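Written out below as structure tokens is the structure these notes cover.
Every number here is computed from the coordinates shown, using simple stated rules; none is lab data. Note that the structure is a prediction, hence the values are computed from the model and not measured. Reconstructed Cβ throughout: ideal geometry from the backbone, glycine too, with neighbour counts over all protein chains shown.
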Amino acid sequence: MSDNFFGEINPPQRLLMGPGPVNVHPRVLRAMSADMLGQFDPEMTEYMNQTMALYRQVFMTKNRWTFLIDGTARAGIEAALTSLIEPGARVLIVRAGRFGMLLSEIAERLGADIRTLDLEWGQVATLEQIEAALAEHKPAVFATIHGDTSTTTAQPLDGVGALCHQYGALSYVDATATLGGMPVKTDEWGIDIVTGGLQKCMGGPPGSAPITISDRAAEFIFSRRKVESGIKRDDISDGTRPFIRSNYFDLAMIMDYWSEKRLNHHTEATSMLYAARECARVMLEEGLQARFARHAAAGAAMTAGLRALGLTVYGQDAYRMSNVTGVYVPQDVDGERVRHRMREEYQIEIGTAFGPLAGKIWRIGAMGYNAELNKVRITLAALKEVLASERNGF
Ligand SMILES: *Cc1c(COP(=O)(O)O)cnc(C)c1O
């Protein structure tokens, strides 16, 4: 074989216990290797409809508009924000970690009038704080993260949708890190748009972003259509709403594409749709409650095990995500060396951290296919060995 031909893809068998991606469920890998279909083939459109029905259950919603955005989780975030935020519109964003910062960075690109509810990293906003900020800023859109993996903290969302309705705001939640691992109660919370990803608790690969949209939000988004019944709308001086400034992330066009109209937009990412469909099937076969309990048990075992090793767990027990745990790097070891040895000697990946937490904590996940007690124990045992070896110098 010549030097510039390279080898077949043959990755090592790592146990991915970081904040994502995670090892993919074998059934999902098999689904991805199925053959292509034309996107308007009735078999394919039937798979699309089934995927919509499956994700209504995953998102605990009756929303008709529940489908996939092709791209990583960020594609779902960007589609939601691009379609909800008009230039100059006021947006209120909760920022208590890296992904809250991402929401405001995207809103800034969209020319939004940004107001923030800034908290120390790892804190959660109370309903009172959210209400006070809604009353003060009267935003058109409210946006927050559910589980921010950068801080391993989950923002409580009970009552948040009702408050947003009361103050006339459309609400958006990024549930990428929690979907499939913790309850994401779209309808009960009354959130207008929720997006997710596959590579965390859904136990799939990165590359597809499930989304669900309330009728109220869909109506607003359709009022920003650029192209309707073949008529292009370039003039907004007639009092209609400014059209959506992205083609790929134009949710009005994407909804027309997933609807019975099947108006052509992009080529559906066939293999990713197979993956997303199988992730949901695996989840629903297990049962939502059983799945959440499995993640909670794995997270509790990880937290208890880390404490038993004499380590200090980051964050507040009451608001901890059940699927990824932050733990302080002890003063007497080099955090990156430990991660390196975990990977090289045990084939286990654990995560580093960002921003104010960089170098201070490791983030250890137990998500999707990896939210199993045996994998938690293997990770803890390896960490114990590496820590002892680093401290004893052998
Ligand atoms: C992991 C994560 C993402 C990831 O986005 P990608 O585009 O798939 O990398 C987004 N939001 C949150 C809250 C996450 O935890």
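The fewest-to-most ranking of Leu387, Leu198, Leu16 by surrounding Cβ atoms within 10 Å reads Leu387, Leu16, Leu198.
Sorting Lys226, Lys62 by the number of Cβ atoms found within 10 Å of their own Cβ, with the fewest placed first, yields Lys62, Lys226. Orientation-averaged projection of the stretch 1-66 equals 8.3 nm² [convex hull of Cα atoms, one quarter of hull surface area].
If R0 is 35 Å, what FRET efficiency do you get for Leu309 and Arg14 from their C-beta distance, rounded to 0.05?
Working: r = 22 Å, r/R0 = 0.62.
After rounding to 0.05, the efficiency reads 0.95.
Less than 18 Å apart at the alpha-carbon level, and either on another chain or at least 8 residues along: which lysines does that give for Lys375? Lys375 reaches Lys200, Lys384. Our compactness index for the stretch 267-343, the C-alpha radius of gyration over the empirical 2.2 N^0.38 Å, is 1.53.
Net charge dipole, the stretch 287-391: roughly 280 debye, given to the nearest 20, about the Cα centre with Cβ charges of +1 for Lys and Arg and -1 for Asp and Glu.
Extending 7 Å from Cα along the Cβ direction at Met36 and again at Arg343 yields two label points whose distance is 3.3 nm. Modelled label positions at Ser246 and Glu108, each set 7 Å beyond Cα in the direction of Cβ, lie 1.7 nm from each other.
How would you rank 349-356, 361-368, highest first, on the average number of other Cβ atoms within 10 Å across their residues? Let's see the in-between values first.
On the way: 349-356: 18.6, 361-368: 27.9.
Going from most to least packed, we get 361-368, 349-356.
For the stretch 312-318, backbone phi angles converted through the Karplus equation (6.51, -1.76, 1.60; θ = phi - 60°) give residue-by-residue couplings of 9, 7, 7, x, 9, 3, 5 Hz, Gly and Pro being listed as x. Could you compute how fast the stretch 249-394 diffuses translationally, taking Rh as the Kirkwood radius over C-alpha pairs and applying Stokes-Einstein at 25 °C with viscosity 0.890 mPa s? Give it in µm² per second. Rounded to a whole number, D works out at 137 µm²/s.
What order, most packed first, do the peptides 320-326, 284-290 have when packing is the mean number of other Cβ atoms within 10 Å of each residue?
Values: 320-326: 28.1, 284-290: 12.0.
Highest to lowest by the protection proxy: 320-326, 284-290.
Across the chain, Cα-Cα distances exceeding 41 Å account for 16% of all pairs. Starting from the Cα of Lys232, draw a straight line to each of the lysines and keep only those under 20 Å, dropping any in the same chain fewer than 8 residues away. Cross-link targets: Lys261. Take the Cα of Gln57, go 7 Å toward its beta carbon, and the backbone nitrogen atoms of the stretch 267-289 under 17 Å from that spot belong to 274-289. Suppose R0 equals 30 Å; then what is the FRET efficiency for Ala162 and Gln316 from their Cβ-Cβ distance, rounded to the nearest 0.05? For Ala162 and Gln316, the calculated efficiency is 0.75. With the largest listed first and rounded to whole Å, the semi-axes of the equivalent ellipsoid of the stretch 134-174 from the Cα gyration tensor are 21, 10, 8. Around the amide H of Asp113, modelled in the peptide plane, lie the amide H atoms of Gly88, Ala89, Arg90, Val91, all under 5 Å away and 5 or more residues distant in sequence or on another chain.
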